[in-house]
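Structure first, then comments.
The values are calculated or read from the model by the stated rules, or taken from the named source; none is laboratory data. In this text the structure is predicted, and so the values were computed from the model without any measurement. All Cβ positions, even for glycine, are placed from backbone atoms using ideal geometry, and neighbour counts span all protein chains on display.
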Amino acid sequence: MEKLLSELVKRLQEAYGGDLVSVVLYGSVASGDQQAKFSDLNVICVLKQVGVAELRKVEKAIQWWIKQKQPAPLLISVEAARNAHDVFPIEFLDIQQSHRILYGEDLFVQIGVDRTNHRRQVEHELRSGLLRLRQRYLTIQGQEKEVVQLMAKSLASFATLARHALMLAGADAPTRKREIFAAAAARFTLDSKPFETILQIREGKEKVSGERVRSLFASYLEQITKLTQAIDRL
């Protein structure tokens, strides 16, 4: 991992020179909650400005990075790093609280996020996530493995939203998924069992099949719905 990150920074420096302001690692790896099967190296590249010319300059470096089975970095300008937190409060708060500077300046350390914008985005993302979860289930409900994979892959996003729900409620907000769901269950009167079971599946410690897949999905959906309703009342 360290070799990959160092090589990426080197290639970004070669591509951008003095226009490269910072390179930042964020996400589950930065917070120490990564899982090999599901966690990527998420990187933000901050430039003085971002246009077509900047996108073209980094083409070879990004092609190499994608061949390492990693997602393309986010390219943002200094102006966006300083001013876009009002429309992306979840993302900016997460970066602020769990990030690692690989190169250059730390532009995220003094971010201030408005609570109203934060609550609105949390509810929006929860409701959107529920819609996508139901929509996907409609097309795969007869395929057990696909349903299990759907729950395993979607869990990280809902962990992030549960964490931000705790922040909005004024409660302690852990960074590790297991602790997040335990805290959310206690604060919002949820059942933590479906979250724990899916975590066990992600970790390769448990398998489910048959009727248990259907009942697990039903419980998972129910708890996320209850969390969404709780945020609506805040």
For residue 175, state whether it is over 20 Å from residue 29 (Cβ atoms) and not assigned by TED's automatic domain parsing to the domain that holds residue 29. no
Filter result for residue 19 (crowded, with 19+ Cβ neighbours inside 10 Å and not assigned by TED's automatic domain parsing to the domain that holds residue 202): no
Matching residues in region 142-184 (assigned to a loop (DSSP other than H, G, I, E, B), without any contact (Cβ under 8 Å) to a residue 12 or more places away in the chain and surrounded by fewer than 20 Cβ atoms within 10 Å (Cβ to Cβ)) number 5
Only listed residue being over 24 Å from residue 175 (Cα atoms) and surrounded by fewer than 17 Cβ atoms within 10 Å (Cβ to Cβ), chosen from 54, 2, 79: 79
Scope region 9-28; condition within 16 Å of residue 61 (Cα to Cα) and either free of Cβ contacts under 8 Å to residues at least 60 places away in the same chain or touching a Ser or Thr at 6+ places or on another chain (Cβ under 8 Å) (or both); matching residues: 10, 11, 14, 15, 16, 17, 19
So, of the residues in region 85-127 that are among the hydroxyl-bearing types (Ser, Thr, Tyr) and surrounded by 13 or more Cβ atoms within 10 Å (Cβ to Cβ), which turns out to be nearest to residue 29 (Cα to Cα)? 98
List pairs: first residue in region 219-234 and under 9 Å from residue 188 (Cβ atoms), second residue surrounded by fewer than 16 Cβ atoms within 10 Å (Cβ to Cβ) and among the hydroxyl-bearing types (Ser, Thr, Tyr) anywhere in the structure, Cβ distance under 7 angstrom, at least six positions apart or on different chains. none
